[in-house]
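Here, each number is a calculation from the coordinates, and none is a lab measurement. Bear in mind that the values here come from a model prediction, so they are computed numbers and not experimental data. FYI the Cβ positions are ideal-geometry reconstructions off the backbone, even for glycines, and counts take in every protein chain you see.
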Amino acid sequence: MRGDDLYQLPADLQPVPAEKPFDVKRRLSPYNISGDIKYKWAPKWMDVAEGSWAATPHTYLAFSGRTEYGDNSRVPFHLTTTDFLESDRLLVELMGAFHSVSTPIDIGGFGTFDGVLTKAFWNPHIEGQFSGEHMRAWDVDWGRGTGKAVIENNYADITDGVFFGHYPGSRIDTAGRYSLGYPRKDHGREIDARINVQRWPLVELRHAFYMDLWPVDGLGSAELHLYGEYERPDGFGSLRIDNGSAWEESFDYATADLRFEHAGVRVDGIELHKSTGIVRGAAFADWHSETYSFNADGQRIPVESIDNSGQSSCMSSSTTVLRWTMSLLSATGVRSTIGPRSAMVRGSTSGCNRSSRARPVGVSAKLRTAATMRSNSRARRAPAFMTTGVPSTVRSGRLWGRSPAGRRLPAEATS
C-alpha cells in the first residue's frame, strides 16, 4: 500500500463512536503500523526524505525534515485521521518515549492537520492548520471546524477558529489561548480567548456542561472574552436567547450583559420579551458562597400569551406571571434552588374583563429575591416551578447530570 492511498478521507466517512466511559490511562500500544520511511543519518543529525509516511488503522502521517536526534528539529508533516482520539493517544505515547509527560483528552471526529514541528521532540513548537468534521469535545458534536494553531508549552494558540454546527446558521468563532490541560503546574492562565457564538442550540451547550435536565431551550448567541481559570473565569460579554422556553413557558427572546468576576457572574440589563410584554432585571451568582440574588420587573404581558396561565381569575393569572418571571430569569444562567420565604413579591393585574368569567387582559409583576445555591462538584440544582402560581413550596429539579434519553435538536436541525 502506498501512502497516497491513505491521504484522502472517504466522502461517506462516519465518526468513530465515543469511548464511554473515557479512560485517560488507557494505552493502545503496541500499534499495528505500516509505512515507508527513507532516511540517512550522520553523527549529529538525521535526515528524513520527502515521501516518507507511517500509518495506524486510524492515523496517517506524512513527514520529512531534519532532526539532531530529537533536538533542534524541523519536520514538516501532514496528518490525516479518521479518529482524533486515537491520534491524540498516539501522540501522547510518542511524547512519552521522549520523556515528555502528557495525557490524552476526550475528543473525536476526523480531519487533517498540516504543520511544521520545530525545536525538540520533548518540548516541541508546532504551527499548522486544522480542518475537521464531526469534531467532538465535552460529549458534543460541534460539526465542521477549521482554524490555525500554534502549540507549545501545553498551550494551543488558536486563530481564525470557526465551527459550523448542525443547526442552520449556528456558528462559533474563536481566537485565543487554550491550555491543553488544567490545573497548570506553572499556575499560568488556562484560557484567554474571545468567543463569538451565533444561534447555537442551548440543548447542546447544556449537555456540554452536564445540564441536560435544566429545562431551558432556544438558540443562544453570545460575544465573550474569558480569561483566567476554566471553571472560574474572569471576563465580560453579552448574551441573547431566541425562540426560547423556560420551565415550559415560551418567550420570544432575551438579552443580557455578562461580567465574570472569578467569584461569580453578574447578569446585568436583563430584558426578556414575550408578545408585547417585557421583563427587566439583573442578577448576581456568587460561586464561592453559593448564593445569588436578582430582581425583576414584568410589565404589559398579555395573559392570552401565557402558555400556562390557567386564566380562571385575575389572581391566578397574576401569580402565573410571577412564576414565569422567576423561571425566565433562570434562563439567563443563574443556577440555584430558592425557597418561597426568601422572596418578596408584588404583583397586580393591569385590567380585567368584567364578564362572568372575569378573564384578565394583562398582568404586571415585580419580584426581588435572594437565595442560596446548593451544589457540589458534580451535581447542582435549579428551580422547577409549579405549573401555575407562586408555590408555597418549591420543587427542586436536577440541574447537572447527563440525560439518559439523549438530546434533541430543534425541529429545523439537519444531520
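Starting from the Cα of Lys274, draw a straight line to each of the lysines and keep only those under 24 Å, dropping any in the same chain fewer than 8 residues away.
Lys366
Cβ neighbours within 10 Å, averaged per peptide: list 172-182, 80-90, 14-24 in order, most packed at the top. Don't skip to the answer; put the middle values down first.
Details: 172-182: 16.5, 80-90: 22.0, 14-24: 11.8.
Order by mean packing, descending: 80-90, 172-182, 14-24.
Can you tell me the relative contact order of the stretch 124-193? Whole percent, Cα pairs under 8 Å, sequence separation 6 or more. Before the final figure, lay out the partial values.
Details: 143 pairs, mean separation 15.7, N = 70.
Reported relative contact order: 22 percent.
Give me the net charge for the shell around Ser73: Cβ to Cβ below 15 angstrom, other residues only, Lys and Arg +1, Asp and Glu -1.
Details: positive: Lys44, Arg66, Arg74, Lys119; negative: Asp47, Glu68, Asp71, Glu127, Glu152.
Overall, the nearby charge balance is -1.
Students often get this wrong, so check it: of Lys119/Lys148; Lys20/Lys119; Lys25/Lys185, which have C-alpha atoms separated by over 24 Å?
Working: Lys119/Lys148 19 Å; Lys20/Lys119 36 Å; Lys25/Lys185 19 Å.
Cα-Cα > 24 Å for Lys20/Lys119; rest within.
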